[in-house]
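Structure record follows, encoded as structure tokens.
The values are calculated or read from the model by the stated rules, or taken from the named source; none is laboratory data. The model shown is predicted, which means the values in this text are computed figures rather than measured ones. Cβ sites come from the backbone with ideal geometry, for glycine too, and all protein chains shown count toward neighbours.
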Amino acid sequence: MVNGAEVGAVIASPVERLTRNTDINFDRQQRQTSWLIVALSTLLAALATFPLARGLLAPVKRLVDGTHKLAAGDFTTRVAPTSEDELGRLAEDFNQLASTLEKNQQMRRDFMADISHELRTPLAPLGSAVVLRGELEAIQDGVRKFTPETLASLQAEVGTLTKLVDDLHQLSMSDEGALAYQKAPIDLIPLLEVAGGAFRERFASRGLKLQFSLPDSITVFGDRDRLMQLFNNLLENSLRYTDSGGSLKISAEQHDKTVRLTFADSAPGVSDDQLQKLFERFYRTEGSRNRASGGCRAGAGDLPEHC
């Protein structure tokens, strides 16, 4: 009311409640339908995402299972990459790790087999002469003769064993970076001639030719003892693994500040695959493992440290 005149009105009515049965039933159906839609939507979402989640988790599960096998010592286990994403690259890295561990395990087995073979030869006569008291007593009583040849043979076997142990010690020191070098200017030619001369009779006894193609002089800065050990190892390997009737040619050449020494022996040689492994510790080709002259002298695996 404004100045006695009506200018507006407010009308209020009570909230009507659902009283009729049809309205109540309709409301109930709406609620039930809403809950049903929510439940069906959740179920469909779960069914749709389950294969996706399973597909994502399957590579992870394979990697976990493979890791457990690897930790248990099964280095032959591999995981097949199923994609080119991060999981696929992780599977490839896993396979590379397993391959490296398997290779190292095989190298350890070969190492132990080679070491046991090399140690067995000098230890056999050493054991029969020292451990078996009956043999010693027989020699003392004059039943068996202790000749200079017997003593020389025993000393040679002990020397072989001592050399092998010393080689192993040298390798361990080299791996630890503790191997000392006494470097000085050295003429390689007399060194090669001395090393080759020490093997000449042994080469001739096996029907092998030892040939030299050397200049008058090549001077390098190095350790004489280590270089001599290097040459002896190369000559020993060639003597052991070159077929009878073959040859070894030693040549040397110098270009500016570079010196190249070549030890070229005849058949059987090594394949390209074996050549890549030739500088591994105590590596030998499968054929050489069964040779009567076999052995695992600290050889080619130690060459990089001397060069």
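So which residues in segment 229-249 are more than 15 Å from Glu201 (Cα to Cα) and touching a helix residue (DSSP H, G or I) at 6+ places or on another chain (Cβ under 6 Å), if there are any at all?
Hits for segment 229-249 are Leu230, Phe231, Tyr241.
Among the candidates Gly207, Gly197, Gly222, which residue alone is within 25 Å of Asp166 (Cβ to Cβ) and not in a helix (DSSP H, G or I)? Write out each step before concluding.
Working: Gly207 fails: within 25 Å of Asp166 (Cβ to Cβ); Gly197 fails: not in a helix (DSSP H, G or I).
One residue alone meets the criteria, Gly222.
Do we find that Ser251 is touching a strand residue (DSSP E or B) at 6+ places or on another chain (Cβ under 6 Å) and either in a helix (DSSP H, G or I) or over 21 Å from Leu188 (Cβ atoms) (or both) in this structure? Please lay out each step first, then the result.
On the way: touching a strand residue (DSSP E or B) at 6+ places or on another chain (Cβ under 6 Å): yes; either in a helix (DSSP H, G or I) or over 21 Å from Leu188 (Cβ atoms) (or both): no.
In short, no.
Does Arg291 fit the bill of being in a loop (DSSP other than H, G, I, E, B) and either modelled with pLDDT under 90 or more than 22 Å from the chain's Cα centre (by Cα) (or both)? I'd like the intermediate steps shown before the answer.
Working: in a loop (DSSP other than H, G, I, E, B): yes; either modelled with pLDDT under 90 or more than 22 Å from the chain's Cα centre (by Cα) (or both): yes.
So Arg291 fits the description; yes.
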